[in-house]
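One structure below.
The values are calculated or read from the model by the stated rules, or taken from the named source; none is laboratory data. Small disclaimer: the values here were computed from a predicted structure and weren't measured. All Cβ positions, glycine included, derive from the backbone under ideal geometry; neighbour counts span all protein chains shown. Accessible surface areas use protein heavy atoms only, side chains included; no ligands, DNA or RNA. Shrake-Rupley method; radii C 1.70, N 1.55, O 1.52, S 1.80 Å.
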Amino acid sequence: MGYVFNSMKVAVFSTRKYDRKYFDQANELIGHELVYFENLLREETAQLAADCECVCAFVNDKLNEQTLALLAQGKTRLIAMRCAGFNNVDMEAANKHGLTVVRVPAYSPHAVSEHVIAILMALYRTTHRSHNRVREGNFSLEGMVGHEVFGKTVGVIGTGKIGALVAKLFLGFGCKVCAFDMREDEELTRWGVRYTDLDTIWETCDIISLHCPLLPTTKHLINEDTLAKMKSGVTIINTSRGALIDTAAAYHALKSGKLGFFGIDVYEEEDNLFFEDLSTEIIQDDLFMRLTTFPNVFITGHQAFFTDTALTNIADTTLANISKFDASGSCANQVLIG
Ligand code: NAD
């Protein structure tokens, strides 16, 4: 028998030019039928995938019970998330409707960990403001006094693939690094990271960086009560998921001065904002817009993952996941519940 090649028809939601570029490149030798939609996947758009065996979705698509039920009524059997997180997929509903969910567990933890440092350096050294001033011929240093990372006590919450790299980067800066995770990483302990409880992190750290997943138990991990326990002037960086932070509580802490620096790449209401050009629109999210006015807040639009290495790995792994499912009905990167 000759070589049998199967290909799947894949509805790729929330696609932008860059997704097409990296997916088309990776698909050249594989040959799946990729149908691109700019639309977010929602109950209202699920019909677009009616004749596709696979749906490829991203971080702000909503794969709730209704959406999944509609997909299962069509030909869809596989949900291929082209990201690590799957908090936007109702896994019980996926199971109920016989949909297999696969994901890309790691595509470049370095991309995200390095972005943590990019955000922190912008906040501590106002490099973004210097760039604009110099372009306008303004070489005044007024209002530009920086802060040094060396010697600070840093708390890393979640020391998985990304958190572990962040901890090592901060050790490289000459920081004292504390961490909280239910699973302690012995290698990090050997490097000099000290595992501790959350209260110790809140009470002793100058910089806190979040790297745990968004779960019902971690929603609003940073809230009015936990902020109250922190050092005055604390720096919080969040590149994990927006809802780990009660943004309204962070806003009040910024106004009171309790929160000294706030750097975020993710925001709890980001699905109404991020990945879109809204520069000619009236943005309705007053809390978000107010945050952009603070000089000690630095926001990027969920771009921590966004490097050429990561985009190549995402496309390669997603298509390999689809091929494996197609060939054998299972895949090592399947998301299992329970
Ligand atoms: P990972 O699974 O390797 O690590 C997560 C770690 O969090 C694990 O060690 C786990 O034990 C720990 N953890 C779970 N619950 C916890 C809790 N309640 N308190 C403390 N630790 C807890 O994941 P990762 O690849 O390191 O990714 C971390 C997060 O980064 C993901 O959840 C994802 O949402 C986010 N992420 C963001 C971007 C971006 O572009 N901004 C890109 C990739 C990943």
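Okay, here's what the table says:
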| item | result |
| --- | --- |
| Whole-percent carbon and sulfur share, accessible surface of the chain, 1.4 Å | 52 percent |
| Helix axis angle, 161-172 relative to the chain longest principal axis, alpha carbon, degrees | 30 degrees |
| Cα-centre dipole for region 1-121 with unit charges at Cβ (Lys and Arg positive, Asp and Glu negative), debye to 20 | 120 debye |
| Helix axis angle, 17-27 relative to the chain longest principal axis, alpha carbon, degrees | 50 degrees |
| Helix 109-125 axis, angle to the chain major axis (alpha carbon atoms, nearest 10°) | 30 degrees |
| Alpha carbon centroid spacing (whole Å) that separates region 58-112 from region 223-274 | 28 Å |
| Distance-filtered residues of region 199-239 - backbone nitrogen under 16 Å, label point 7 angstrom along R290 Cα→Cβ | 224 |
| Extended-chain gain in nm, criterion 0.36 nm per residue less alpha-carbon gap, A69 and H110 | 11.1 nm |
| Charge dipole (debye, nearest 20) of the chain; +1 at Cβ of Lys and Arg, -1 at Cβ of Asp and Glu | 700 debye |
| In region 103-166, the chymotrypsin sites (Phe, Trp or Tyr not before Pro) that fall in loop regions by DSSP, at most 11 other Cβ within 10 Å | F139, F150 |
| 3J(HN,Hα) from dihedral phi, region 129-135, Karplus parametrisation 6.51/-1.76/1.60, rounded to Hz, x for glycine, proline | 6, 4, 4, 5, 4, 4, 5 |
| Antiparallel DSSP beta bridges within region 8-159, percent to nearest 5 | 0 percent |
| Selected from I245, I157, I283 as most flexible by GNM, with the chain as the system and alpha-carbon contacts under 10 Å | I283 |
| DSSP-defined antiparallel bridges as percent of all bridges, the chain, nearest 5 | 0 percent |
| GluC sites (Glu not before Pro) lying in DSSP loop within region 153-216, provided at most 14 other Cβ fall within 10 Å | E184 |
| Low-density loop positions, chymotrypsin sites (Phe, Trp or Tyr not before Pro), region 232-338 - DSSP coil, at most 10 other Cβ in 10 Å | none |
| Among H252, H220, H115, residue whose mean-square fluctuation peaks in a GNM of the chain (springs only between Cα atoms under 10 Å) | H252 |
| Only Lys, Arg (+1) and Asp, Glu (-1) charged, at Cβ; region 198-259 dipole about Cα centre in debye | 160 debye |
| Where labels lie 7 Å past Cα in the beta-carbon direction, separation of S328 and W191 in nm | 3.2 nm |
